[in-house]
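Below is one structure, written out as structure tokens, with a few remarks after it.
The values are calculated or read from the model by the stated rules, or taken from the named source; none is laboratory data. Because the structure is predicted, anything quoted here is derived from the model rather than measured. Here the Cβ positions follow ideal geometry from the backbone for every residue, glycine too, while neighbour counts run over all protein chains shown. These area figures cover heavy atoms from the full protein model, side chains too; ligands, DNA and RNA do not enter into them. Shrake-Rupley method; radii C 1.70, N 1.55, O 1.52, S 1.80 Å.
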There are 2 protein chains.
Amino acid sequence: MSASDENVPEPVRSGTDLSTEVSTLPPDEAAEVIAEIRAVAEQRGEDSEVVELVDLSQTGRARRPSSITLPPMPSELAAEPPTKEEDEALSVDELRDAWPLLDLEERGDGLRVLPREDAEEFFIALSPHDQAQLLLYFRPGQRRQWMRMLEPDDVADVIQDAGEDHRSTLLALLDDPTRKEVQALLAYAEDEAGGLMSTRFARLRPNMTADEALLYLRRQARAKLETIYVAYVVDSDQTLHGVVSFRDLFAAEPKKLVSEIMETDVVRVTEDMDQETVSRLFAEHDLNVIPVVDAAGKMKGIVTVDDIVDVVQEEATEDIQKFGGMEALDMPYLQSTRRAMFGKRGKWLALLLVGEMLTTIPLGFFEDKLHQVTVLALFLPLIVSGGGNSGSQASTLVIRAMALGEVRTADWWLVLRRELFMGTALGVLLGGIAAVRVLIWGAAGAYEGAAGEHFALVGITVAIAVTGCVTWGTLSGAMLPFLLKKIGADPASASAPLVATIVDVSGIAIYLTVATLVLTGTLL
Amino acid sequence: MSASDENVPEPVRSGTDLSTEVSTLPPDEAAEVIAEIRAVAEQRGEDSEVVELVDLSQTGRARRPSSITLPPMPSELAAEPPTKEEDEALSVDELRDAWPLLDLEERGDGLRVLPREDAEEFFIALSPHDQAQLLLYFRPGQRRQWMRMLEPDDVADVIQDAGEDHRSTLLALLDDPTRKEVQALLAYAEDEAGGLMSTRFARLRPNMTADEALLYLRRQARAKLETIYVAYVVDSDQTLHGVVSFRDLFAAEPKKLVSEIMETDVVRVTEDMDQETVSRLFAEHDLNVIPVVDAAGKMKGIVTVDDIVDVVQEEATEDIQKFGGMEALDMPYLQSTRRAMFGKRGKWLALLLVGEMLTTIPLGFFEDKLHQVTVLALFLPLIVSGGGNSGSQASTLVIRAMALGEVRTADWWLVLRRELFMGTALGVLLGGIAAVRVLIWGAAGAYEGAAGEHFALVGITVAIAVTGCVTWGTLSGAMLPFLLKKIGADPASASAPLVATIVDVSGIAIYLTVATLVLTGTLL
């Protein structure tokens, strides 16, 4: 992504003062950067009429000479706020506002002009994708300090995002113990419990007293533990015995043993449990932290609820995009390349088009009849879309209920019964509306020739066809997710467009069969 | 919901021992309940073939004589595990498994046969809707103890769910200070920060020392605070000055003042901020707790990240359901009544059907031409659905990106440019595929008469029409959410079916206009 991807970073210089290195732009350049970013942020204001903005497809390209050629600044100077006046400084909010529209170089500059603490906080809160891009964009000499702001589990996400090519470059930035932790985490897939967990949890022994435990935790309060508020009680071979909250320790008799205070009935997950199941457990048990154990019951790490928020958002986004009839983007809308987006959308659209070509089969079969009674073609979109729409509703409901764990595979029968009822009821409602419409227009003389004479029969045809299509559409939409799950596919692929396509083909057949049955002898 | 809704509960009996009252079923009845629930849970096993299950639409109806007529049990007996053998006891997991399929009475019985601690934990983790139903179902004498398991913010949710009619019944179950807290919370809408917050947060004064602060928090560790791990530093009129983590206090010099340790740059929300914005702030700043203040900067409560998980799930479910072309259910699929579901689905289907009736206008206008060249009708669904599908994709992407804050109203121009490009590219791709199909079939002699002679012209017509419909569909799908937002409607209403309906009408007009232009003089 940056020009310096292949550069091997320098070896670790122990004793480097990392605390003042973040701001590395000379004051005059910094002022320029701030002005630029602020301009973008302002243009992006909720109510402004934006006419022309930065082209985001260029995110990866630097437009000015790369910052690698800048002379390194003495750290004393750089540690000063880079602009003279307080109100000239770039604020975190301004940078956040402009962020989606900035290219990689502007992002890097923006981070470097922020005060160090703000920059660190901002960087940590970025998505793994943005972090990975920035890390690879920074000069090798700067990468290390940014990388070390991240916790091992976040580093693992960054490396997973950056891909195999950059793995060793990025791993080399870490100190030995952290690298070992990160490598262990990298063995897990991104979407299983092991890929979500942090290995930095507080441990206690069962035979400590409450007082000793508090002392022990106090010592660890300065360490980089994910949380000291929930501690896991393990024995020497790391087998999980129980969990104790800091609060309970705090409130307990000082001489009481941890084993007497701890809760032994611990909800736990295994390393390879998928993240959707983990998030469901959090919801079911109203948890804030969940321990991850291996098959032998040994403690491996913890997953905290704040990671689950991201998981839930991510899974919902994936489901929504699949449901819209495309592959999940796996990236913010404005940041995905046109090429990737074209592939993910085009593939499904082409597939659906080919599926929709099957509609020519029933239409071809009834072509003579359509020619005889052209008025039938008038109601074709109406009838067919009724089925598609009711199918979309049913499949959305079932897919979402499945994702939330409200409905399981074994419940298909319950869903079938419910949707059979709903489909029929909705079909009768819509059929009635459609019939009324045809009858009014017919009575008003809107249809010519034979169709005008027999408009009541046309009305009956339309009513029966709508009812049939809606019932059929509802049932297919509701059952398709179960079918997909049964054959091992993702139920969320039962998208609105897919259901509509399936229902279109059968809906046309239903409509024209009904027409043949009702109209033969009069119009046909 | 239960027969005793209107009963006024007995006055508070101070000194009531609440710890043993949960299990109130005699042992033989309990055994029966356990067997029943276990049977349902087993039937629901992931791989079983369920053939006939409890009808959930009856959730509100009791099938056996109401438990109100049961003689009250001496609490000593009831406190014993209700069955003789350990492995006969109902487990929490079994009850959770069977839960969606149980009616209200079975749920109540299930809770009452669980060991008290498990029952409490299980009840607290239920949705406000289930909690409300159960509370109203329980005998007035039992309600109080269940109600008191809940935190004030959860009680507020329960009362909001139960509705105006039961408000005073439920409020009467609380002790005076809690009732005051709950009443304050009830003043907020469910979906704003005030409706999410807990009023039980830890407070400190700026001029305490770290040691005093820890001591003060230790005293509160036994109280029902939402968390003691993050304390808010307020002055006597509750103005928020800063935030301090327990961990920082713990690690600090004992004599240091809280005001020296605290972080003063606190991300905060106001009471009336809507929950989507609050959840976005949590994600942007990677927070675990956020303080809620009023317009004057006075501390009102806190929102914790575990509540945000629910918000995120809920908002995603609403968006997904709206996107499927219906009103949000606001209730688990299997638990919503058929009546409510019919209303929420039927309303939109009827609306869409009426919208789709507009397709008869362009079809009627071109009826003569369709009669002349029936082969045109063959490709109608194909062309029109291509536009609808591409529109679904575009609107899904934009709606989700808006919900996640990736795209704002002011970015419409960026989106328009991107989708104009995507729409054209996708249109050319699909138009090409459709043309190839027509040309192959045409060359093979699939079309009769004049259409067979001029099949190349038919192919050109179809290709241009598909390209036009897909470009137009993509643009309409992408812009509709912005338009809806502009007029103050919910962008998520730009559902796949709505976009498809809009594109259908214009797509038919595009198709038949192209056909007229290309085919006049040959086929027309």
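Look through the stretch A:188-208, keep the residues that are open to solvent by 20 Å² or more (accessible area, probe 1.4 Å) and polar (S, T, N, Q), and return whichever of them is nearest to A:Pro254 (Cα to Cα). Applying the filter and picking the extreme gives A:Asn207. You will find that of B:Glu226, B:Glu212, the residue that is closer than 21 Å to B:Val278 by Cα and either surrounded by fewer than 21 Cβ atoms within 10 Å (Cβ to Cβ) or among the acidic types (Asp, Glu) (or both) is B:Glu226 and no other. Evaluate the following for A:Pro497: is it open to solvent by 20 Å² or more (accessible area, probe 1.4 Å), in contact (Cβ under 8 Å) with a residue 24 or more places away in the chain and not basic (Lys, Arg)? Considered against the rule, which asks whether it is open to solvent by 20 Å² or more (accessible area, probe 1.4 Å), in contact (Cβ under 8 Å) with a residue 24 or more places away in the chain and not basic (Lys, Arg), A:Pro497 comes out as no. Of all residues in the stretch B:434-448, those that are open to solvent by less than 50 Å² (accessible area, probe 1.4 Å) and either under 16 Å from A:Leu351 (Cβ atoms) or away from every other protein chain (no Cβ under 11 Å) (or both) total 4. Just give me the residues in the stretch A:156-169 being surrounded by 21 or more Cβ atoms within 10 Å (Cβ to Cβ) and touching a Leu at 6+ places or on another chain (Cβ under 7 Å), in sequence order. The answer is A:Ala156, A:Val158, A:Ile159, A:Ala162. Among the residues of the stretch B:346-383, count how many are farther than 30 Å from A:Val407 by Cβ, open to solvent by 40 Å² or more (accessible area, probe 1.4 Å) and more than 9 Å from chain A (Cβ to nearest Cβ). Here the count works out to 5. Every residue in the stretch B:289-321 that is in a strand (DSSP E or B) and touching a helix residue (DSSP H, G or I) at 6+ places or on another chain (Cβ under 8 Å), please. B:Val289, B:Ile290, B:Val292, B:Lys300, B:Gly301, B:Val303, listed by residue number. Which of (1) open to solvent by 10 Å² or more (accessible area, probe 1.4 Å); (2) among the aliphatic types (A, V, I, L, M); (3) within 15 Å of A:Pro497 (Cβ to Cβ) does B:Met331 not meet, given it meets every other one? Tallying (1) open to solvent by 10 Å² or more (accessible area, probe 1.4 Å); (2) among the aliphatic types (A, V, I, L, M); (3) within 15 Å of A:Pro497 (Cβ to Cβ), B:Met331 fails exactly one: (3).
When B:Ala119, B:Ala172 are checked against the criterion of being of a type in the set (Gly, Ala, Ser) and under 26 Å from B:Gln335 (Cα atoms), a single residue qualifies: B:Ala119. Only one of A:Gly405, A:Gly387 is outside any helix (DSSP H, G or I), over 21 Å from B:Val407 (Cβ atoms) and more than 7 Å from every other protein chain (Cβ to nearest Cβ); which? Of A:Gly405, A:Gly387, the one residue that is outside any helix (DSSP H, G or I), over 21 Å from B:Val407 (Cβ atoms) and more than 7 Å from every other protein chain (Cβ to nearest Cβ) is A:Gly405.
In the stretch B:263-288, the residues that are within 10 Å of chain A (Cβ to nearest Cβ) and part of a loop (DSSP other than H, G, I, E, B) form Cβ pairs under 9 Å with partners that are hydrophobic (A, V, I, L, M, F, W, C) and open to solvent by 50 Å² or more (accessible area, probe 1.4 Å), at six or more places apart or across chains, as follows: B:Asp286/A:Ile124. Every condition in (1) surrounded by fewer than 20 Cβ atoms within 10 Å (Cβ to Cβ); (2) more than 19 Å from A:Leu382 (Cα to Cα) holds for A:Thr424 except the one numbered (2). When the residues of the stretch B:295-306 are filtered to those that are open to solvent by 30 Å² or more (accessible area, probe 1.4 Å) and under 17 Å from B:Asp274 (Cβ atoms), which remaining residue is farthest from the chain's Cα centre (by Cα)? Taking the candidates together, the pick is B:Ala295. Evaluating B:Gln313 against the criteria (1) open to solvent by less than 10 Å² (accessible area, probe 1.4 Å); (2) within 7 Å of another protein chain (Cβ to nearest Cβ); (3) under 15 Å from the mean Cα position of the chain (by Cα) leaves one unmet condition, (1).
Before we move on, is A:Gly343 within 7 Å of chain B (Cβ to nearest Cβ) and either without any contact (Cβ under 8 Å) to a residue 24 or more places away in the chain or surrounded by fewer than 19 Cβ atoms within 10 Å (Cβ to Cβ) (or both)? Taking the combined requirement at face value, the residue does not satisfy it. If you go through the stretch A:474-504 and keep only what is in a helix (DSSP H, G or I), charged (D, E, K, R) and out of contact with any Pro (no Cβ under 8 Å at 6 or more places or on another chain), you end up with just A:Lys486. Scan the stretch B:505-517 and tell me whether some residue there is closer than 18 Å to B:Val373 by Cα, part of a helix (DSSP H, G or I) and of a type in the set (Phe, Trp, Tyr). Within the stretch B:505-517 (the criterion being closer than 18 Å to B:Val373 by Cα, part of a helix (DSSP H, G or I) and of a type in the set (Phe, Trp, Tyr)), the answer is yes, since at least one residue qualifies.
Out of curiosity, is A:Asp248 at pLDDT below 90, on the phi > 0 side of the Ramachandran plot and more than 21 Å from the chain's Cα centre (by Cα)?
Working: at pLDDT below 90: yes; on the phi > 0 side of the Ramachandran plot: no; more than 21 Å from the chain's Cα centre (by Cα): yes.
In short, no.
Of all the numbered requirements in (1) at pLDDT below 80; (2) away from chain A (no Cβ under 12 Å); (3) touching an Asp or Glu at 6+ places or on another chain (Cβ under 8 Å), B:Glu80 misses one, and that requirement is (3). Taken together, the residues in the stretch B:384-400 that are aliphatic (A, V, I, L, M), open to solvent by 10 Å² or more (accessible area, probe 1.4 Å) and within 30 Å of the chain's Cα centre (by Cα) amount to 1.
Within the stretch A:213-223, is even one residue assigned to a loop (DSSP other than H, G, I, E, B), farther than 17 Å from A:Phe250 by Cβ and modelled with pLDDT under 85? Yes, there is a match, as at least one residue in the stretch A:213-223 is assigned to a loop (DSSP other than H, G, I, E, B), farther than 17 Å from A:Phe250 by Cβ and modelled with pLDDT under 85. Looking at B:Ile464, B:Ile487, B:Ile460, just one residue is out of contact with any helix residue (DSSP H, G or I) (no Cβ under 9 Å at 6 or more places or on another chain) and more than 10 Å from chain A (Cβ to nearest Cβ), and that residue is B:Ile487. Filtering the stretch B:472-496 to residues that are within 19 Å of the chain's Cα centre (by Cα) and within 20 Å of B:Arg417 (Cα to Cα) leaves B:Pro491, B:Ala494. None of A:Thr396, A:Thr471 is part of a helix (DSSP H, G or I), of a type in the set (Val, Ile, Thr) and at the interface with chain B (Cβ under 8 Å from one of its Cβ atoms) except A:Thr396. Starting from the stretch B:230-251, take each residue that is among the charged types (D, E, K, R) and list its partners that are surrounded by 20 or more Cβ atoms within 10 Å (Cβ to Cβ) and part of a helix (DSSP H, G or I), counting only C-beta distances under 9 angstrom and pairs at least six apart or across chains. These pairs meet every condition: B:Asp248/B:Ala210; B:Asp248/B:Ile261. Scoring B:Ser336 on the criteria (1) more than 7 Å from chain A (Cβ to nearest Cβ); (2) more than 24 Å from the chain's Cα centre (by Cα); (3) among the small types (Gly, Ala, Ser) leaves a single failure, condition (2).
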